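Where a number appears in this text, it was derived from the coordinates with a stated rule and is not lab data. Nothing here was measured: the structure is a model prediction, and the numbers come from that model. FYI the Cβ positions are ideal-geometry reconstructions off the backbone, even for glycines, and counts take in every protein chain you see.
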Ligand SMILES: [Zn+2]
């Protein structure tokens with residue numbers, strides 16, 4: 001028996017409209033629409049054509065109903081004007097990753113969620129409260145992926161097909177999820193992770209977490225969380241030169257732009273100094289990238305351990321993918337850039353680039 005919502009989910013995952021899929025799978029629009037609403041069920045051969053057109057194993061379509069990630073609970077960190085269907089595709093990918101999480105959760109003991117729901121304090125105070133609760137003091141934040149995971153956040157990679165989307169966070173019941181674009185610079189990835197933590201903490205119970213105001217709050221939270229005021233005031237001189245900022249950013253492992261913003265926020269840079277520093281950084285290529293930035297990706301401890309554990313138990317990743325009814329490629333995208341690959345010969349290396357990261361599960 002086909003589960004109608006699974007056809008819709010797979011179609012959204014591929015970013016296709018009904019009309020596009022109808023053409024690709026050579027199924028009439030009316031029939032396709034009937035399959036998705038459950039009015040009629042596709043025949044065996046039709047399922048095969050849909051599966052091929054959508055690049056999903058045919059077994060995917062007869063699984064149980066999938067609990068999708070709630071659209072209204074997501075605050076997108078994405079380029080403005082990102083088309084709705086791209087966001088739908090990223091959300092569908094997230095819903096599939098949540099299936100992988102459930103599979104793992106049934107077999108491994110994962111940390112419980114310890115994300116405080118702080119209502120609506122100002123972002124600076126919220127960041128301080130989380131730091132206190134997690135015993136971070138005012139020290140530079142450690143590996144953000146490990147930190148989130150240690151406090152019960154399920155971290156997955158955004159499918160690398162969506163470069164426009166940086167990150168998103170969502171509560172699925174009582175379980176917090178964060179999806180990260182692992183193709184950005186390491187420094188920006190850390191900022192994204194902190195930004196999403198801000199959403200989970202400040203907008204957790206409030207479904208109205210979208211819009212410019214929520215984005216500003218999450219950015220301010222990330223800034224304060226990664227660069228505590230006392231620490232920045234203790235290390236950075238007022239009116240610091242660009243070179244001092246480029247050196248100083250290594251302390252907190254943030255982008256030069258983020259530190260510049262924070263210093264201005266803390267009145268260590270005047271408006272004029274802030275503007276001229278930004279202009280100089282832009283000129284040196286720091287607007288969109290992080291020249292000579294951190295090389296080592298912040299990878300997932302949980303996913304790495306899980307797949308190592310499975311491997312030593314003789315469970316191949318392709319088996320996991322098959323049980324979930326997805327392709328190995330689809331599963332690789334959820335882990336993309338987050339897992340440690342094991343090289344033949346026993347050595348381990350961090351997956352750094354797209355090509356290497358995708359070799360994990362082949
Ligand atoms: Zn956001």
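Descriptive notes on the structure:
- Antiparallel beta bridges, as assigned by DSSP with both residues in the chain, represent about 75 percent of the total such bridges.
- The stretch 96-118 and the stretch 1-44 have Cα centres spaced 30 Å apart.
- Descending by average beta-carbon neighbour count within 10 Å, the peptides 157-169, 12-24, 259-271, 185-197 line up as 185-197, 157-169, 259-271, 12-24, the highest first.
- Rounded, prolate or oblate (a/c below 1.5 giving rounded, otherwise prolate when a/b exceeds b/c) for the stretch 4-62 by Cα gyration tensor: rounded
- Compared with the alpha-carbon gap, the fully stretched path from residue 79 to residue 161 is longer by 28.1 nm at 0.36 nm per residue.
- In nm, spacing of pseudo-spin labels at residue 71 and residue 270 (7 Å Cα→C-beta vector): 5.0 nm
- The helix-only estimate of mean residue ellipticity at 222 nm for the chain, built from DSSP H runs of length n ≥ 4 each weighted as -39500 (n - 2.57), is -15000 deg cm²/dmol after division by the residue total.
- At full extension, residue 58 and residue 1 could sit 19.4 nm farther apart than now, given 0.36 nm per residue minus the alpha carbon distance.
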